[in-house]
Amino acid sequence: MKVVEVNDCDWYVGESVAACVAQYIKEVGEEYADHCEDARALSDDELDALTFTVVDENEVPDGSKRTFREQLAIEIAAGGDFPRLFATTEN
């Protein structure tokens with residue numbers, strides 16, 4: 001499973017960059033396809049360096065933070081459908 005930086009604001013988790021980009025376009029619309037021209041999988045170093053802020057069901061930060069790698073492990077353990085949104089800078 002990969003964490004894919006789809007654009008400057010959104011990261012998805014899925015099997016491949018292509019699958020994550022397709023899911024992004026499915027969710028936001030074809031007119032935003034150009035927003036993911038530079039989509040790429042994060043490196044191991046980035047997974048360890050980037051910080052994930054935990055939010056509650058109302059999108060309010062609960063004060064907890066972890067690395068993207070730690071959150072990826074949680075997402076994989078939780079299962080469910082992939083690809084899906086992993087993190088965003090937008091609320």
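In deg cm²/dmol and to the nearest 500, what is the mean residue ellipticity at 222 nm of the chain if only DSSP H runs of at least 4 residues count, each as -39500 (n - 2.57), divided by the residue total?
Working: 3 runs with 29 residues, N = 91.
Result for the chain: -9000 deg cm²/dmol, rounded to the nearest 500.
Could you tally the net charge around T89, taking each other residue with its Cβ under 9 Å from the Cβ of T89, Lys/Arg +1 and Asp/Glu -1? Could you put the intermediate results ahead of the total?
Details: positive: none; negative: D8, D10, E90.
Charge balance near T89 sits at -3.
Using +1 on the beta carbon of Lys and Arg, -1 on that of Asp and Glu, and nothing else charged, what's the dipole of the range 2-88 about the Cα centre, debye to 20?
Taking the Cα centre of the range 2-88 as origin, the dipole is about 300 debye.
If the elastic network links every pair of Cα atoms under 10 Å, which of L50, L42, L72 fluctuates the most in the Gaussian network model of the chain?
The residue with the greatest mean-square fluctuation here is L50.
All of the numbers you see were taken from the coordinates with simple rules; none came from a lab. Here the structure is a predicted model, which is why all the values come from computation and not from measurement. Glycine also receives a Cβ, built like all others from the backbone with ideal geometry; neighbour counts cover every protein chain displayed.
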